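This is the structure, below, for whatever I ask next.
The values are calculated or read from the model by the stated rules, or taken from the named source; none is laboratory data. This one's a predicted model, so the numbers in the text were calculated from it and none came from an experiment. Positions of Cβ are backbone-derived with ideal geometry, glycine not excepted, and every protein chain shown enters the neighbour counts.
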Amino acid sequence: MAKGSYKDKEYIGNLTGYAQMPKSDANSFVPKEDPFITWTQRAGMFEQTKHKAAAKLFLSFISSKEYQSSGQIWATRTDLKPMNSYKELDAYQNTDFNDFAKWMSDRKHIEDLKQKMIDYFGEVEGESPLTDKELLKIVD
């Protein structure tokens, strides 16, 4: 996230995009020529999960037509069209959803980038969400 101002208006920039919802001050767009990052979201159930029925129900819900047509630009379902006037993702020549996985696989580059961000923004502060006992009640 980045905060700043442009033409005397405050803004918050986000490296991930979301579809513009009706009656929202937020704006989202896909560049016409500049490259943009897309990646597939992955979900699954661990073999050792304690609550298999809940995990299956969650996966079923996020795969459902109801959920996938509720505000994302592109759904993972092939029976749903992109929101608003967006094209199918593979119609854009300036993105490749496989590029993000390739980029993330270069761990040395990622660690170097992480260090640059620490140098610029400082160390991450606060308690890790992985140790927050209230949050962990949800998954335990």
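Applying the selection to segment 46-79, what residues are in contact with a Leu (Cβ under 8 Å, 6 or more places away or on another chain) and either loosely packed, with under 13 Cβ neighbours inside 10 Å or modelled with pLDDT of 90 or more (or both)? Talk me through it step by step, then tell me what you get.
Narrowing segment 46-79 to residues in contact with a Leu (Cβ under 8 Å, 6 or more places away or on another chain): 65, 68-69, 74.
Listed by number, the list holds a single entry, K65.
Check A91, A101 and return the single one that is of a type in the set (A, V, I, L, M) and over 19 Å from the mean Cα position of the chain (by Cα).
Being of a type in the set (A, V, I, L, M) and over 19 Å from the mean Cα position of the chain (by Cα) holds for just one of A91, A101, which is A91.
Could you grab me the full set of residues in segment 73-94 that are aliphatic (A, V, I, L, M), under 14 Å from I37 (Cα atoms) and part of a loop (DSSP other than H, G, I, E, B)?
Hit for segment 73-94 is I73, nothing else.
Could you look through segment 95-121, keep only residues that are hydrophobic (A, V, I, L, M, F, W, C) and in contact (Cβ under 8 Å) with a residue 60 or more places away in the chain, and pick out the one that is nearest to K32 (Cα to Cα)?
F100
Answer yes or no: is there a residue in segment 33-45 that is modelled with pLDDT of 85 or more, out of contact with any strand residue (DSSP E or B) (no Cβ under 8 Å at 6 or more places or on another chain), more than 26 Å from M83 (Cβ to Cβ) and in a loop (DSSP other than H, G, I, E, B).
yes
Something else about it: Within segment 46-72, can you find the residues that are farther than 26 Å from S105 by Cα, assigned to a loop (DSSP other than H, G, I, E, B) and not polar (S, T, N, Q)?
K50, H51, G71
Given the structure, is I118 outside any helix (DSSP H, G or I), among the β-branched types (V, I, T) and surrounded by 10 or more Cβ atoms within 10 Å (Cβ to Cβ)?
no
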